[in-house]
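Structure first, commentary second.
The values are calculated or read from the model by the stated rules, or taken from the named source; none is laboratory data. Bear in mind that the values here come from a model prediction, so they are computed numbers and not experimental data. A quick note on method: Cβ atoms are made from the backbone with ideal geometry, for glycine too, and the neighbour counts reach across all protein chains shown.
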Amino acid sequence: MTVLHIQTGISDSGNSVTRLHNLMVENGIDSRILCATSKIISNRISSFSKIRLKYYALLNLIGAYLLKSKYTTNFSYPIFGHNLANHNLTKSADIIYLHWTQGGLLNMNNLRSILQLGKPVLLSCRDFWYITGGCHSPLTCEKFTDHCGNCMYLTTNKYKDLSFKLFAKKNMLYSQFENLYVFVASEWMLQSVSIATLTKNKPAFCIANVLDRAIFKKHNPNEKRIFFNLPLNKILILFGAMSPTSNKNKGWDYLVKSLGYLKSISNLDFELVVFGASHDDDIQNILPFKIHFLGIVNEEAKLAAIYSACDLYVTSSLSETFGNTIFESLSCEVPVVSFNIGGAIDMIEHKQNGYLANYKDSKDFAAGIVYCLNNKLKGFLKPEIEPEQSIKKHKDLIENLVARKINSLH
């Protein structure tokens, strides 16, 4: 059986799609990736030619111009797309995983063409886009359980806005095909798709993300501290900082407050370590602590070494369908403090391998940091989310869905 993953871009080996693809191949599944752009050269990954990339970029520029001033951030409306249903990889696949396909890869007509092939198609909900009228993270908004409209991310201030129109298009499309399924990575996201108007009548499957356990494992902390020029005699608290001050979903304000509370509730001698950003004056000026900026990390081995060098990982995200950084940190035996939300609930055993703080409660978040450090908690993966379990579930799912398709033809 051949599995095809369709994804807008493959940036590095740490991409969730690439990790799943690689593990499938290692376990005897004929897996392929079809994408617009890829930084990885592989005979199993097919990306656009140079000429088609120019066309793709031009369409994206036109689309951005047409939608100018219509929305702020965290929203995608697919005007243009590419007919991948005619691609040889799509035609030869037995089952298709649709991952993150925004950014001009697929529009609704393109999705329809793929569904019309009759193959099992899995919508991989890496965020909320497939179940909303266009937003990627609805935060506290629950319009996706009824009908999207007057979206908070749009500037038009009308009920029948772009989110209303896209929601209606998705609803019409999804309802027409029985070969459409939903794949999520956490129980929290499974609950979301089960109450979403667009997907509540579709079969949904929950399988945790995967990673390479040969890479993400505990390394000697002192060796790694020396390598990264980090202090040996300090407690090191790690967090990722990909646009933390501009992306509301990162919960930056709550993290700042939490770290501020630490001074009043403990005498911990700690410093901060940040990956994902080089020296950032906004971060340094707000936080009155010594901060070590390690920059953007593209190599998985280097990322695992960074986790291992630290005593604790903290993430203040307000909405995470899974949370790969939590997954990675626990794999490296480093405990995690997170809000009690999203995929963190599936991975963190409260007060065992980390701490689940009350949602948006900065004081409890700070208390969690103190608890983990004072009790010297050790990170670990729950057995049910070990990569070997996840890949077994994928193999069973693929076999069942392909068999279901074959039976429907007889």
inquiry  = Go through (1) part of a helix (DSSP H, G or I); (2) farther than 30 Å from Gly295 by Cβ for Phe183 and report which single condition fails.
reply    = (1)
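Being of a type outside the set (Gly, Ala, Ser) and closer than 26 Å to Lys393 by Cβ: is that true of Asn179 here?
On the way: of a type outside the set (Gly, Ala, Ser): yes; closer than 26 Å to Lys393 by Cβ: yes.
Yes; evaluated as a whole, the condition is true for this residue.
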note = Checked against (1) under 21 Å from Glu300 (Cα atoms); (2) in contact with a Lys or Arg (Cβ under 8 Å, 6 or more places away or on another chain); (3) in contact (Cβ under 8 Å) with a residue 40 or more places away in the chain, Ile10 satisfies every condition except (3)
ask   = Can you name the residue in segment 335-344 that is touching a strand residue (DSSP E or B) at 6+ places or on another chain (Cβ under 7 Å) and either in contact (Cβ under 8 Å) with a residue 24 or more places away in the chain or under 16 Å from Ala208 (Cβ atoms) (or both) and, of all such residues, is surrounded by the most Cβ atoms within 10 Å (Cβ to Cβ)?
value = Val337
task = Give segment 45-78 a look and list any residue that's under 29 Å from Glu320 (Cβ atoms) and either surrounded by fewer than 16 Cβ atoms within 10 Å (Cβ to Cβ) or in contact with a Leu (Cβ under 6 Å, 6 or more places away or on another chain) (or both), or say none.
result = Ala64, Leu67, Lys70, Tyr71, Thr72, Thr73, Tyr77
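Name the helices (runs of 4 or more DSSP H) wholly within segment 15-131 that hold at least 1 residues that are free of Cβ contacts under 8 Å to residues at least 60 places away in the same chain, within 25 Å of the chain's Cα centre (by Cα) and more than 30 Å from Thr145 (Cα to Cα)?
16-26, 50-66
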request  = Please work out which one of (1) touching a strand residue (DSSP E or B) at 6+ places or on another chain (Cβ under 9 Å); (2) surrounded by fewer than 15 Cβ atoms within 10 Å (Cβ to Cβ) is the condition Ser264 fails and give its number.
outcome  = (1)
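Conditions (1) of a type in the set (A, V, I, L, M); (2) surrounded by fewer than 17 Cβ atoms within 10 Å (Cβ to Cβ); (3) in contact with a strand residue (DSSP E or B) (Cβ under 9 Å, 6 or more places away or on another chain), marked per residue:
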residue	(1), (2), (3)
Asn171	no, yes, no
Val184	yes, no, yes
Met189	yes, no, yes
Leu211	yes, no, no
Ala214	yes, yes, no
Asn233	no, yes, no
Gly240	no, no, yes
Lys248	no, yes, no
Gly251	no, no, yes
request  = Collect the residues in segment 318-338 that are out of contact with any helix residue (DSSP H, G or I) (no Cβ under 7 Å at 6 or more places or on another chain) and modelled with pLDDT of 95 or more, keeping them in residue-number order.
outcome  = Ser331, Glu333
